[in-house]
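One structure is given below, encoded as structure tokens.
The values are calculated or read from the model by the stated rules, or taken from the named source; none is laboratory data. Please read all numbers here as calculations on a predicted model, not as lab measurements. Cβ: placed from backbone, ideal geometry, glycine included. Neighbour counts: every protein chain shown.
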């Protein structure tokens, strides 16, 4: 294939990556969240931070974005005894506390005490309206009384204890997530489910072949590539037969179960992922996880859709090849490619499952079942008389004359070309080159069945 890949900084999806279309009624269960309230002084939090016990900027958090004026107003608020908003912390299994909400405020306080902003510039007060005499001063320049006022300023904290149920913790963090750029689900998981599994997912997302298939030249800035690795892993571990909505909960459950994955499990997952990626690269190259659309009555020419990612196609392709014999798949790549394009253009049930209500149990089961049966019909043990002509024959017909035998118009893309039986298969037509003709996929789909 000689088409150029468009390299992106961020993956564009056809549908939300973790849509919540179907509401599921579940039996009520006791769900527990354990919190601890406190009013520590800034100096106490600063001491924890310096000892590495308070993680101010976990990976999932945004970098410090406050400017000097906003940071200075916070310091002045402490001097004026103005109550400050609550800081939310999360205690994790490593016994450290991670800042969930309040990173910007704590960074401003700690930076002022240190005398420098995270970027290295001096923190001199600016824009202070009441204590105007402090403008231009650093913490070390202030009177001891004012320094103490800042250091011993109390701020309310609420800490989520490590015993809390993680799924509920996730929902609470999502509601607390009110910053200018809200964290998405995977960024939240990166906070809640820290451990060897989280690191493995991030490692796999940087696989060069995987990034190529996604069209990325660098890791996705919002961790959507990591979320896709998690989708693969979740269906690999649980299989689609055990999927229950919502997709968010399905993925959360997998991260919680394998948070501290064993070396053996990690090795198996890594091998399955890398083998699957290589198969799909050979199968579809830059068209991986994209839709192919047949033409219509106005324009019979079909086409590969906009460069948007279809997560439903991703799930079935990554899921179906993870446990298949690689050699058997490679022997049948042409037939598999033809079968997939046929499903995307001719099977309306399948099309609906990758376009509408894609996270429902019915849609997930239907698209996995249809693709699994199609794939097994090609590479399964019990081989049947083939009903699809080979790609080699199609290439020969296309190179000889790329004209549609039905509408008489030029076929612009070989993927849009279908090799049809002149005397139809179900009426006794033989599966031989002499009984083959080249058509648009749309024309072949739209023709009367009696032709």
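Does residue 241 count as within 19 Å of residue 205 (Cα to Cα) and touching a residue at least 40 places away in the same chain (Cβ under 8 Å)?
no
One residue is enough: does the range 282-297 have a residue meeting the conditions at positive phi, buried (at least 17 other Cβ atoms within 10 Å of the Cβ) and either within 17 Å of the chain's Cα centre (by Cα) or not in a helix (DSSP H, G or I) (or both)?
yes
For the range 105-125, which positions are crowded, with 18+ Cβ neighbours inside 10 Å and part of a loop (DSSP other than H, G, I, E, B)?
Of everything in the range 105-125, those that are crowded, with 18+ Cβ neighbours inside 10 Å and part of a loop (DSSP other than H, G, I, E, B) turn out to be 117, 123, 125.
Within the range 334-352, identify whether any single residue is in contact with a helix residue (DSSP H, G or I) (Cβ under 9 Å, 6 or more places away or on another chain), within 21 Å of residue 211 (Cβ to Cβ), outside the structural domain of residue 441 (by TED's automatic domain parsing) and in a helix (DSSP H, G or I), and answer yes or no.
Within the range 334-352, none of the residues are in contact with a helix residue (DSSP H, G or I) (Cβ under 9 Å, 6 or more places away or on another chain), within 21 Å of residue 211 (Cβ to Cβ), outside the structural domain of residue 441 (by TED's automatic domain parsing) and in a helix (DSSP H, G or I).
In the range 147-167, how many residues are touching a residue at least 40 places away in the same chain (Cβ under 8 Å), more than 14 Å from residue 189 (Cβ to Cβ) and in a helix (DSSP H, G or I)?
Total meeting the criteria: 3.
Considering only residues that are modelled with pLDDT under 75 and within 35 Å of the chain's Cα centre (by Cα), look in the range 376-389 and name the one that is surrounded by the most Cβ atoms within 10 Å (Cβ to Cβ).
Ranking the qualifying residues of the range 376-389, first place goes to 388.
What do you reckon, is residue 320 within 20 Å of residue 289 (Cα to Cα) and in a loop (DSSP other than H, G, I, E, B)?
When the stated conditions are applied, residue 320 does not pass them.
In the range 268-281, which residues are without any contact (Cβ under 8 Å) to a residue 24 or more places away in the chain and surrounded by 17 or more Cβ atoms within 10 Å (Cβ to Cβ)?
none
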